[in-house]
Structure formats: structure tokens, C-alpha cells
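Worksheet: one structure, shown below.
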Amino acid sequence: MADETTTSEACPKCGKPLGEITLTKTGRKLQRCSTGSWDPQTKQNVGCDYVKWLEVEPEELDEACPKCGSKLILATTRFGKKMKKCSTGVWNKDTKKVDGCDYVEWINGTTEKLDEECPQCGEKLVLFTTAAGKKMKKCSTAGWDKDARKATGCTYVYWLKPHEYGGAPKADSGGEEFLPPEPEE
Ligand SMILES: [Zn+2]
Ligand SMILES: [Zn+2]
Ligand SMILES: [Zn+2]
């Protein structure tokens, strides 16, 4: 590969050059066809709808894997969910299993204490916001036993409907959710 400064890659759909690499709100990189654009008014693609999703470079963390001691990396899924995973773990498409160390720690949203009591056990509830912005109430005694791989404590969970926490999230993601899904490799 001689020249890395030009990105004159041609669109496989229409043959026109691809446009600039842009970043979505969730931190993912994509490259659209230069003849295509997103119309925020009509919420539709104008022109060629080819989109190329680019691999987001995983970030190496200064943390060791609790399972094997290798470095952990911060990876982002195609839907913008974040997780820490072991740098030695590689997804094997044939066996549909992880080769190497399979340690994964999802980075989920935030937990807030609520001044509400659990209808099941009377302990306090917490408000949990997922990375995708969904909210649920759950019991503060709920936990996850990593060794036994099962939930511990009280199992009360209540998912909030969008209207219960102030309306549906605004469609301000630049239309990312309307884009065709990334093809499976
Ligand atoms: Zn095109
Ligand atoms: Zn590991
Ligand atoms: Zn409870």
C-alpha cells in the first residue's frame, strides 16, 4: 500500500468516491458515499445510501484482566455499548466462541439511589440507566455473583416507559439509528 494520505476509495454501489470519515454520537466511525447525504428534515438518505462502518480502535487500558493478567482493552460495539474485555480474547466466527481469555466486563450506565421502597422486600430501590439511555428501577440488594454466574439478592426490576422519564429520547444522533445495520462479517 503506497499512498495512505488519500482516501479515494470508490463506492461499491455507484463508483463515486467515498466521503470523509465522520463520527457518530456514540463514538463510531463511518464513511458515506460522497453522493449521499442525510436530510434531517425528512429523516431520509438523499442520493447513494452506501455507508461503510469503520472499526473503532480499541483503547488499551491500564488495567489487568482479573482472569489471566493480560491487558484489558476498552471496546465499543456497533450500537455504541462499551465494554472492557481481555486483549487476548478473539471472537471465532466458526465456533461462535471466544478463543483465548473470554473475560468481558460491560460498562453499563449509572446507578442512582431512589427514595422508594422495593415492593418485594422493602429495601431501597435504585434507578439504573443503561448505556443506551433506558431506565429501570431495581432493588438495591440485587447483585451479580460472578463466580456462580447468577443473580443474587432481590430480583425486583421495573423498566420505565419513555413517557415516565420525560419523553422518548430525542432523535439527535444524526440518523445513526436509521442507517442500515452493519453487515455481518
Ligand atoms: Zn455511492
Ligand atoms: Zn484475560
Ligand atoms: Zn427488593
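Read-outs throughout are calculated quantities, based only on the coordinates presented, and are distinct from any laboratory measurement. Please read all numbers here as calculations on a predicted model, not as lab measurements.
Which pairs break 27 Å Cα to Cα here: 25/161; 124/146; 29/113?
The pairs that break the limit, which is 27 Å between Cα atoms, are 29/113.
Rounded to whole Å and ordered largest first, report the semi-axes of the equivalent ellipsoid of the range 59-107 derived from its Cα gyration tensor (root of 5λ).
Details: eigenvalues 56, 46, 11 Å².
One finds semi-axes of 17, 15, 8 Å for the range 59-107.
Which value, to two decimals, describes the C-alpha radius of gyration of the range 1-54 once divided by 2.2 N^0.38 Å? Don't skip to the answer; put the middle values down first.
On the way: Rg = 12.1 Å, N = 54, 2.2 N^0.38 = 10.0 Å.
Cα Rg divided by the expected 2.2 N^0.38 Å: 1.20.
Taking the range 109-164 on its own, what percent of its Cα-Cα pair distances exceed 14 Å?
Value for the range 109-164: 55 percent of Cα pairs lie more than 14 Å apart.
Computed over the Cα atoms of the range 30-151, what is the convex hull's projected area averaged over all directions, in nm²?
Mean orientational projected area (the range 30-151, Cα hull): 12.4 nm².
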